[in-house]
Amino acid sequence: MIAHIVGTVAEKFANAIIVDVSGVGYEVNVAAGDFDAVTLQDNVKFYTYHHIREQSQELFGFSSLAAKKLFEMLITVQGVGPKAALSILSIDDAEVVRNAIANSDSAFVGKAQGVGKRIAERVTVDLSDKVGLPIRTNVSNTGVSAVSLQADEALEALMALGYSLNDATQALEGVSTELSTSERVRQALRG
């Protein structure tokens, strides 16, 4: 299995990126956010999921380990294949998608191209208790709910240590986001 790819972006087309790794080009299907974030000749690292079928092999790439783990959860849902899972992750940042699933927001999941209402409901029912705790949202002065999201390095670190996405999210619940990443990880490990 190919766990990750590190190389240079050689080409971009139709939500796929060709990553040149020492002269070998790997075609990696990526979510819309990752596709938009890279430019030609960028040095990149993608965590990959190697999907093997009878007639083909495909690589799906993710800029974060949390996004890859969420993708792996999505494809366990009946009726959700890798393309549909990637479409769901293309709606917004992986943490926003995870939070929507944790909040059982099937209308949000249903925004994904090629994902109907029934599949969206199945995703939220099957995964809402597996993706971790929902993030609390703050209501801004415009009355619109907003979630402050950034790549959570502490979450990534816990997952690298072997925690599941759900366990890592629960371990970080109640740990201040104002602390450094290393301190957040220490406090999460202490429980």
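Taken together, the values in this text are just the output of simple stated rules run on the coordinates, not laboratory data. No experiment lies behind these values; they were computed from the predicted model shown. Neighbour counts are summed over all protein chains in view; Cβ atoms, including those assigned to glycine, are modelled from backbone coordinates with ideal geometry.
Structure notes:
- Among 40, 172, 86, the order by Cβ neighbours within 10 angstrom, fewest to most, reads 40, 172, 86.
- Among 88, 52, sorting on how many other beta-carbon atoms sit within 10 Å of each Cβ, with the fewest leading, yields 52, 88.
- For the chain, modelled as a GNM whose springs connect Cα atoms under 10 angstrom apart, the maximal fluctuation among 48, 39, 169 occurs at 39.
- Considering only the chain, percent of DSSP beta bridges that pair antiparallel, nearest 5: 90 percent
- The chain - mean residue ellipticity at 222 nm from DSSP helices (-39,500 (n - 2.57) per run, n ≥ 4, rounded to 500): -10500 deg cm²/dmol
- Ranked by how many other Cβ atoms sit within 10 Å of their own Cβ, fewest first, the residues 53, 98 fall in the order 53, 98.
- Karplus 3J(HN,Hα) series, Hz, for region 88-102 with 6.51 cos²θ - 1.76 cosθ + 1.60 (x for Gly, Pro): 5, 6, 7, 4, 6, 4, 4, 5, 5, 5, 4, 5, 4, 5, 4
- Stokes-Einstein diffusion for the chain at 25 °C, viscosity 0.890 mPa s, with a Kirkwood radius from C-alpha pairs, works out to 140 µm²/s.
- 3J(HN,Hα) from dihedral phi, region 5-22, Karplus parametrisation 6.51/-1.76/1.60, rounded to Hz, x for glycine, proline: 10, 10, x, 10, 6, 9, 8, 9, 6, 6, 6, 10, 10, 9, 9, 7, 10, 6
- Seen through its C-alpha gyration tensor, with square-root eigenvalues sorted a ≥ b ≥ c, region 65-127 comes out rounded because a/c lies under 1.5.
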